[in-house]
Every structure is written in structure tokens, then in C-alpha cells.
Amino acid sequence: MSSVPTLEKLIALAVFSIGLAGCSSPSRTDVTLQPVDHRPVQSDKYPDFSKPLDSAMPQMTDADAAQMETQLSALARQRRAGTVSEAEYRRRVAELQALARTTE
């Protein structure tokens, strides 16, 4: 039975040694410092914001917005007056919204 306490002591010593080895940090001689260039790099990887940006699609003009506002206002008046059904109103609004999305 005398080997059991010795085995336990060896296991405890091994665990303690592994714990200490995990806490060690590299010495200062292991660290190599590299010079850093802080100047901006012009490459194809980064966008160049010095030039004006173009949109992916043509934007809605003020005239287009005014025309759409007129159409929506007229449609809302027709809805309030009862001259257009709710289903027709929703269909036209969806159509105008789809048209607006293509010109945004």
C-alpha cells in the first residue's frame, strides 16, 4: 500500500508542473520587433474616396418624385371618394412602389 501515496504524490507533482509550465511567458529575447510604416497604402484592396462615387442605379429626380407624389395623392383621393376599390388601391400602390424601387 505504500506505492499508492507515492503514486498520488507523483500525479500531484506532474499536475503542478504542467500548471507552472502553462503560466510561463516567453522571454524578451524571443520577441522580435518589426518596423511599422504608418503611411497610407494605395492598393486595389481598399476603396479610393478621393474621386466622386457613382450610384449603382440612376437616382429618382425631383420631377419623378413630384410626379409620384401627385399620382399617390390622386389615388388616395379616389380611395376616399370610393371610386376605386380597396383591392385596386392596394394593387396600384404596390405598382407605384415597385416603380419607385427601380428608380431609387
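Any read-out appearing in this document is the output of simple, stated calculations on the displayed coordinates, not a laboratory observation. Note that the structure is predicted; figures quoted are calculated from it, not measured. Using ideal geometry, Cβ is built from the backbone for each residue, glycine included, and neighbour counts are taken over all protein chains shown.
List of remarks:
- Selection within region 56-77 - of a type in the set (S, T, N, Q) and without any contact (Cβ under 8 Å) to a residue 24 or more places away in the chain: THR61, GLN67, THR70, SER73
- Cross-chain or 6+ apart pairs with Cβ under 7 Å, region 78-95 first and within 15 Å of MET68 (Cα to Cα), then assigned to a helix (DSSP H, G or I): TYR89/LEU75; TYR89/ARG79; ARG92/LEU75; VAL93/LEU75
- Scanning region 49-84 for residues that are assigned to a loop (DSSP other than H, G, I, E, B) and either more than 17 Å from LEU99 (Cβ to Cβ) or of a type in the set (D, E, K, R) (or both) returns PHE49, SER50, LYS51, PRO52, LEU53, ASP54, SER55, ALA56, GLY82, THR83, VAL84.
- Flag if GLN97 is part of a helix (DSSP H, G or I) and either surrounded by 10 or more Cβ atoms within 10 Å (Cβ to Cβ) or within 38 Å of the chain's Cα centre (by Cα) (or both): yes
- The set of residues from region 85-104 being among the small types (Gly, Ala, Ser) and over 19 Å from ALA63 (Cα atoms) comprises SER85, ALA87, ALA94.
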